[in-house]
Amino acid sequence: MKDGEFINLVKSFMFLTKETEWIEFKINQSDPQEIGEYISALSNSAALHQEINGYIVWGIENKTRKIVGTNFKPRIKKIGNEELENWLATQLFPRIDFQIHEGVIEGKPIVVFR
């Protein structure tokens with residue numbers, strides 16, 4: 001995803017009045033098991049609501065939709081000796097294709113799992 005696409009996607013989420021069944025906002029929560037559960041649940045919910053993707057967005061405050069940033073760094077997070085992305089890919093069944101996107105908006109780090 002290009003920088004402009006990333007920024008437009010994240011900013012479009014800020015106009016929502018609340019989380020949806022396929023979009024979840026987090027600040028710094030990075031428990032691998034919880035992330036896997038969210039990926040699975042959001043994927044199922046997106047399919048049920050005829051949405052192409054589900055999203056977990058780190059760095060946007062849930063109640064205010066303000067960009068606050070995150071200290072979650074999924075590309076360096078490890079479970080044992082395994083990278084988070086690989087660990088999640090092997091633990092999710094049935095297999096769910098997900099992508100991790102990282103960027104900076106208003107000078108604050110944002111992470112999106114799509």
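Near the amide H of I23, within less than 5 Å, lie the amide hydrogens of Y55, all on another chain or at least 5 residues away, with H placed in the peptide plane. Checked against a 22 Å cut-off, the cross-linked pairs K2/K63; K26/K73; K63/K108; K2/K78; K26/K63 give Cα-Cα distances beyond that limit for K2/K63; K2/K78.
Other residues within the sphere of radius under 14 Å centred on the Cβ of K78, judged by their own Cβ, net out at -1 (K and R +1, D and E -1). Ellipticity at 222 nm from helices only: DSSP H runs of n ≥ 4 in the chain, each -39500 (n - 2.57), divided by the residue count, give -10000 deg cm²/dmol. Here are some values of Cα Rg over 2.2 N^0.38 Å: (i) 1.01; (ii) 1.11; (iii) 1.15. Which one was computed from this structure? Calculated Cα Rg over 2.2 N^0.38 Å: the matching label is (i).
Rolling a 1.4 Å probe over the heavy atoms of the protein chains gives the chain an accessible area of 61 Å² per residue. Here the extension length gained between Q91 and Q33 equals 20.0 nm, from 0.36 nm per residue of separation less the Cα-Cα distance.
Rounded to the nearest percent, how much of the accessible area of the chain (1.4 Å probe, protein heavy atoms only) is carbon and sulfur? Heavy-atom surface of the chain belonging to carbon and sulfur, 1.4 Å probe: 49 percent. Packing here is the average count of other Cβ atoms within 10 Å per residue, and on that basis the peptides 26-33, 57-64, highest first, run 57-64, 26-33.
Compute the signed sum of charges (Lys and Arg +1, Asp and Glu -1) over the other residues within less than 12 Å, Cβ to Cβ, of L9.
Net charge in that neighbourhood comes out at +1.
The values are calculated or read from the model by the stated rules, or taken from the named source; none is laboratory data. As the structure is a computational prediction, the values presented were derived from the model and not from experiment. Methodologically, a virtual Cβ is constructed for each residue, glycine included, from the backbone with ideal geometry; neighbour enumeration extends over all protein chains shown. To get the accessible areas, we keep the full protein, side chains included, count just its heavy atoms, and leave off ligands, DNA and RNA. Shrake-Rupley method; radii C 1.70, N 1.55, O 1.52, S 1.80 Å.
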